[in-house]
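Chemist: Here's a structure for you.
Each reported figure results from applying straightforward, stated rules to the coordinates on display, with no laboratory input. Note that this is a predicted model, so its numbers are computed, not measured. Please note: Cβ atoms are built from the backbone with ideal geometry, for glycine as well, and neighbour counts cover all protein chains shown.
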Amino acid sequence: MKNTHQHYLVEVSLRGATGRLPLGLMNVRQALELPDVPTLDYSHPNPARAAEGVILTRQELQGLSCVR
């Protein structure tokens, strides 16, 4: 079963001592194919929630996407 969240764009950023450094935009599937780095953050795949500034962890993003 495919979830439409897979096709949404997310911003991937690296969390550091001076804040978040944006790394790029990609769809959810591509974002989850990145190595599992604990300091990576992901914007919410729902555009309205992303506009509110909602940031997710990899595990939260994976839970929304049905991609395992």
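Chemist: Being touching a strand residue (DSSP E or B) at 6+ places or on another chain (Cβ under 7 Å) and in contact (Cβ under 8 Å) with a residue 24 or more places away in the chain is the filter here, so list the residues in segment 21-54 that pass it.
Modeler: 28, 31, 39, 40, 41, 42, 43, 44, 45, 50
Chemist: How many residues does segment 31-52 hold that are surrounded by fewer than 17 Cβ atoms within 10 Å (Cβ to Cβ) and either among the hydroxyl-bearing types (Ser, Thr, Tyr) or over 17 Å from residue 63 (Cβ atoms) (or both)? Reasoning before the result, please.
Modeler: Of segment 31-52, the ones surrounded by fewer than 17 Cβ atoms within 10 Å (Cβ to Cβ) are 33-39, 46-49, 51-52.
Filter once more, keeping what is either among the hydroxyl-bearing types (Ser, Thr, Tyr) or over 17 Å from residue 63 (Cβ atoms) (or both): 35, 37, 39, 47-48, 51-52.
Residues meeting the conditions: 7.
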